[in-house]
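See below for the structure under consideration.
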Amino acid sequence: MKCIGSLLLVCGALAGPPPSARAETPTLHLASLEWLPYVGRDLPDGGLSGAVAKAVAARFGYGVRIDYLPWKRAMQTGGSDPDFVGYFPAYHTAERARQCHFSTPMGKSTVGLAMLAEAPLRWRVLDDLAGNKLGVVLGYSNGDAFDQMVKSGKLSVDASESDIVNLRKLLAGRIRAVVIDKAVLRYLLASDPTLSKERTKLLFDERPLAELTLHVCFQRTPLGLKLKQSYDAALLQTDIAKIENGYFDQLARSLGAVRR
């Protein structure tokens, strides 16, 4: 449209504001980690927890941006960097609850022991695990009871940067078992080329160490509290089970296509 003379104002009104003046969708900038299938930069929607977070945020007019970092750094950055509003997906612990505003649960995690099928570890209570070196990921919580026994020195752990590293240590006989989420183990054994060849050598113990809920840990600021309240209200209207079922179906199809 060509505008001249007295028509300039009318044309300007019809054209609308310039792009820089148009409102942009506000964003929840969250720190996270590579913890497939819950979160991962190469997964659809940034992972299962990413898909849930995006569906919830959309209900109160927000988008989601995720930065992937080693977990300890993700907690530090997401918890204090003013460019972020929080980090996720986090297990609820008393210590973290003093440092951030936890959302209501957005998922759950079954934490247990992966071990060699030919040398299963027999145990009934945590005390039975004493004397065995267990692989854990640096900075992860594995349930209050387990964490306290590690802090007190009653349990011996070998901390690594990732679950994959721990599983390779297990296969090499360097540790007795790996503390890992059940869905993470299932995903890694299906997707990692090296581990998939060794999958028959590993088993997940049926006795869980903990059943833990997953949360967004919003910064302990007035804005963080406001966002937590909006997120919780939107979460009540979100069918998490439907998102989870659809997501795992999608992953199964994509992994099947890759294997073919």
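Sorted by packing (mean other beta-carbon atoms within 10 Å per residue), highest first, where do 78-87, 50-59, 65-74 land? Before the final figure, lay out the partial values.
On the way: 78-87: 19.6, 50-59: 21.5, 65-74: 17.9.
So the peptides 78-87, 50-59, 65-74, ranked by packing, come out 50-59, 78-87, 65-74.
By how many degrees, 0 to 90 and rounded to 10, does the Cα axis of helix 240-259 deviate from the longest principal axis of the chain?
So the inclination is approximately 70 degrees.
Volume per residue, Å³, of the convex hull around the alpha-carbon atoms of region 145-260?
Numbers: hull volume 19.5 nm³, N = 116.
About 168 Å³ per residue, rounded to a whole number.
Convex hull over the alpha-carbon atoms of the chain: what's its volume per residue in Å³? Don't skip to the end; give the middle numbers.
On the way: hull volume 43.0 nm³, N = 260.
Convex hull volume per residue, Cα atoms: 165 Å³.
Against the longest alpha carbon principal axis of the chain, how many degrees, from 0 to 90 and to the nearest 10, is the axis of helix 48-59 turned?
Once rounded, the angle reads 30 degrees.
Hey, how many Å between the Cα centroid of region 93-154 and the Cα centroid of region 158-175?
About 15 Å separates the Cα centre of region 93-154 from the one of region 158-175.
What nm value, rounded to one decimal, do you get for the distance between LEU121 and THR27 when each label is placed 7 Å out toward the C-beta?
Result for the modelled spin labels: 4.1 nm.
For each pair in LYS133/LYS154; LYS108/LYS197; LYS54/LYS182; LYS151/LYS201; LYS108/LYS182, compute the distance between the two Cα atoms and list the pairs where it is over 21 Å.
Numbers: LYS133/LYS154 11 Å; LYS108/LYS197 28 Å; LYS54/LYS182 24 Å; LYS151/LYS201 31 Å; LYS108/LYS182 11 Å.
Flagged as over cut-off: LYS108/LYS197; LYS54/LYS182; LYS151/LYS201.
Give a residue-ordered list of calculated ³J(HN,Hα) values for region 80-95 (Karplus: 6.51 cos²θ - 1.76 cosθ + 1.60, θ = phi - 60°; whole Hz; x for Gly, Pro).
Result, rounded to whole Hz: 9, 5, x, 6, 10, 10, x, 9, 6, x, 10, 6, 7, 9, 4, 5.
What 222 nm value per residue comes from the helices of the chain, counting each DSSP H run with n ≥ 4 as -39,500 (n - 2.57) and dividing by all residues, nearest 500 deg cm²/dmol?
Details: 10 runs with 100 residues, N = 260.
For the chain, the value works out to -11500 deg cm²/dmol.
What residues have an amide H closer than 5 Å to that of LYS108, excluding those fewer than 5 places away on the same chain, when H is modeled at 1.01 Å from N in the peptide plane?
It is LEU214, by chain and number.
Compute the longest continuous run of the chain that contains no exposed GluC sites (Glu not before Pro); treat a site as exposed when its DSSP state is not H, G, I, E or B and it has at most 16 other Cβ atoms within 10 Å. Don't jump to the answer; show the numbers that get you there.
Numbers: sites that count: GLU24, GLU118, GLU161, GLU198, GLU206.
Answer - 25-117.
No value in this document is a laboratory result; all are computed from the given coordinates. Quick caveat, the model's predicted, so the values are computed rather than measured. Every residue, glycine as well, gets a Cβ built from its backbone with ideal geometry; the counts of neighbours run over all protein chains shown.
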